[in-house]
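Structure record follows, encoded as structure tokens.
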Amino acid sequence: MSSTLLLILELFGIAVFASTGALVGVRKELDVFGVAVLALMTGLGGGVLRDLLIGSVPPNALEDWRYLVVPFVTALVVFMFHPVFGRLEREIMLLDALGLSLFCVTGAVTAGAAGLNVLSASALGMLTGVGGGMMRDVASGRVPVIFRGDLYATPAFAGALIASVVHAMDGSPWWYAVAGATCLVWRVLALLRGWSAPLPPGTLRG
Amino acid sequence: MSSTLLLILELFGIAVFASTGALVGVRKELDVFGVAVLALMTGLGGGVLRDLLIGSVPPNALEDWRYLVVPFVTALVVFMFHPVFGRLEREIMLLDALGLSLFCVTGAVTAGAAGLNVLSASALGMLTGVGGGMMRDVASGRVPVIFRGDLYATPAFAGALIASVVHAMDGSPWWYAVAGATCLVWRVLALLRGWSAPLPPGTLRG
Amino acid sequence: MSSTLLLILELFGIAVFASTGALVGVRKELDVFGVAVLALMTGLGGGVLRDLLIGSVPPNALEDWRYLVVPFVTALVVFMFHPVFGRLEREIMLLDALGLSLFCVTGAVTAGAAGLNVLSASALGMLTGVGGGMMRDVASGRVPVIFRGDLYATPAFAGALIASVVHAMDGSPWWYAVAGATCLVWRVLALLRGWSAPLPPGTLRG
């Protein structure tokens, strides 16, 4: 895949993630600045965490100004027109699945290229996908949604695991598309059919 | 500016930040140790985050023992005499504005010197100023105050932006004073006049 | 001490810490994935934070797959049989004291070997011991227990301080056992006798 296309996809994924952060901020009635910070955190947090953990500093997000401008502008747009975005939440969740699929694969490959073993690279790939959302939830004072029966991180781990194995075996790049598609299909089906992860034995579903 | 004067200013700023953390801890009825950890986090968090993100490890705060001793002693003093400090909260907020102005400038310059572009250096400068307070609020279980209509981070970003541009253009050091003064005056006026950042359209002010 | 024995002790400590994270997750009725993430965070968080701060990246926890597998399997076991573990909480707290004693010493020595001064190395040793538990509590939406009158971090700091001094003075390795025992005995006595750290003057004990 050309690196320009990859950059465009990444910025698109960051914008979608950022819009989920901005929406949470608007609902918590944060000011414009709080909304922007929450959006930046959600859009960039996973990648920054990954870069810190593999020692690639400064992180990508600080090397290229577009990584900062995209989530910032997204935040302003959501802030201004939040009723529109609020009504599109289902559509945003579907786009979010696309971002998740992309980041779990690129995260795993980046970690593998930095010399991590397959298991660690898979964990970091997953973290790249879910880290921003976790920070969003902790900073806005709610238990991370990925912790609560919403099937989000499992598909990300599956995609990252496939991508890590492909990377370790020097497989054809086409397999990365399979890795991403696995995460995407699983996550979208979970959304559409209301699948969720198992709760502790004995817990009644709310 | 002589480096001794800068160090004294920095330690002063850390002590002021730490005292805000210690006061939050006392009000949450934490024990002496919780108060100390919260004070250390508030005083040092922003700078440590900046150092991690530019790859300057170990961070300053761990290289020089004074960076640990100052917020620790501050925490003990606030713990012992918290009724006095509680009554001085307004004065502490004004000193806090001084710390904010200092850290947004030194943070931006440090980040610029590490090779970051102007936008990233401004973001990191702002983070140096507000990061400790964000950690304080998240760790003590409240939504960060800088997210809630309190004009805090915008002045810090303005100061950091001016400082980054000056640094990038190799401008006269006097301009750093202008950068700091911009943040300081803006923040103090916001405090005195109750200015706040815009809330999402449609939100009623509490 | 042979490095194999040390590794086994470390993995044991990680498993105990992870089980406390998994129990919190089960009680918050998180799904299996949330329980696993919380367990990983609790088991590995302190060491990862230490490694980030001394610039030892990727952190140990990502270099050796066993560091990921042990807390993950622990989480699954606790998830399945949580009523059993719930009844053993007191015993788990005693084992947790063992993990704390181990990590404050190994953390302090690792930090000292990385060139930090005695005070910073002690602080990092303590952070290695308590960092995972802090992350667990913040991520699950409660004020960290180590902040609330539970004598937890003070013994860890004491152990780390002794270990740092021994390391700086190139003392006999036997002294590390003394450092760990100091933390262990203090923490266990605090548990058994209900000792707690001082609250702010004027606060009534709940």
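Read the figures in this text as sums done on the coordinates, not as results from a lab. As the structure is a computational prediction, the values presented were derived from the model and not from experiment. For neighbour counting, all protein chains shown are included, and Cβ atoms are generated from backbone atoms with ideal geometry for every residue, glycine included.
Report yes if some residue within the range A:181-203 is within 26 Å of A:G55 (Cα to Cα) and touching a helix residue (DSSP H, G or I) at 6+ places or on another chain (Cβ under 6 Å); otherwise report no.
no
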For this session: Considering every residue within the range A:25-34, establish whether at least one is closer than 21 Å to A:P144 by Cβ and more than 9 Å from chain B (Cβ to nearest Cβ).
Result: no
For this session: Within the range A:170-206, track down each residue that is part of a helix (DSSP H, G or I), without any contact (Cβ under 8 Å) to a residue 60 or more places away in the chain and farther than 23 Å from A:A113 by Cβ.
Result: A:V185, A:W186, A:L189, A:A190, A:L192, A:R193
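Here's the yes/no breakdown for (1) buried (at least 23 other Cβ atoms within 10 Å of the Cβ); (2) in contact (Cβ under 8 Å) with a residue 24 or more places away in the chain:
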| position | (1), (2) |
| --- | --- |
| C:G43 | yes, yes |
| C:L53 | yes, yes |
| C:V69 | no, no |
| C:V78 | yes, yes |
| C:V84 | no, no |
| C:L95 | no, yes |
Exercise. In the range A:66-169, which helices (runs of 4 or more DSSP H) lie fully inside it and hold 1 or more residues that are within 30 Å of A:L199 (Cα to Cα)?
Worked result: A:82-87, A:89-113, A:118-139, A:153-168
Exercise. Among the candidates B:T20, B:T74, which residue alone is in contact with an Asp or Glu (Cβ under 7 Å, 6 or more places away or on another chain) and polar (S, T, N, Q)?
Worked result: B:T20
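To keep it simple, each residue is scored yes or no on (1) of a type in the set (F, W, Y); (2) facing another protein chain (nearest Cβ under 8 Å).
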{"residue": "A:P144", "(1), (2)": "no, yes"}
{"residue": "A:R148", "(1), (2)": "no, yes"}
{"residue": "A:G159", "(1), (2)": "no, no"}
{"residue": "A:A163", "(1), (2)": "no, no"}
{"residue": "A:M169", "(1), (2)": "no, no"}
{"residue": "A:W174", "(1), (2)": "yes, no"}
For this session: Kindly indicate whether B:S101 is surrounded by fewer than 19 Cβ atoms within 10 Å (Cβ to Cβ), more than 14 Å from chain A (Cβ to nearest Cβ) and among the hydroxyl-bearing types (S, T, Y).
Result: no
For this session: Check the range A:172-189 and report whether any residue there is among the hydroxyl-bearing types (S, T, Y) and buried (at least 24 other Cβ atoms within 10 Å of the Cβ).
Result: no
Exercise. Just one of B:L124, B:L116 is in contact (Cβ under 8 Å) with a residue 60 or more places away in the chain, farther than 27 Å from A:P144 by Cα and within 12 Å of another protein chain (Cβ to nearest Cβ); which is it?
Worked result: B:L116
For this session: For the range B:38-65, enumerate the residues that are in a helix (DSSP H, G or I), in contact with an Asp or Glu (Cβ under 8 Å, 6 or more places away or on another chain) and facing chain C (nearest Cβ under 10 Å).
Result: B:A61
Exercise. Which one of the conditions (1) of a type in the set (K, R); (2) surrounded by fewer than 20 Cβ atoms within 10 Å (Cβ to Cβ); (3) within 14 Å of chain C (Cβ to nearest Cβ) does A:R193 fail to meet, given that it meets all the rest?
Worked result: (3)
For this session: Name every residue in the range B:111-133 that is crowded, with 24+ Cβ neighbours inside 10 Å and of a type outside the set (G, A, S), in order of residue number.
Result: B:L116, B:L124, B:M126, B:L127, B:T128, B:V130
Exercise. Within the range C:113-133, how many residues are farther than 23 Å from C:G43 by Cβ and aliphatic (A, V, I, L, M)?
Worked result: 3
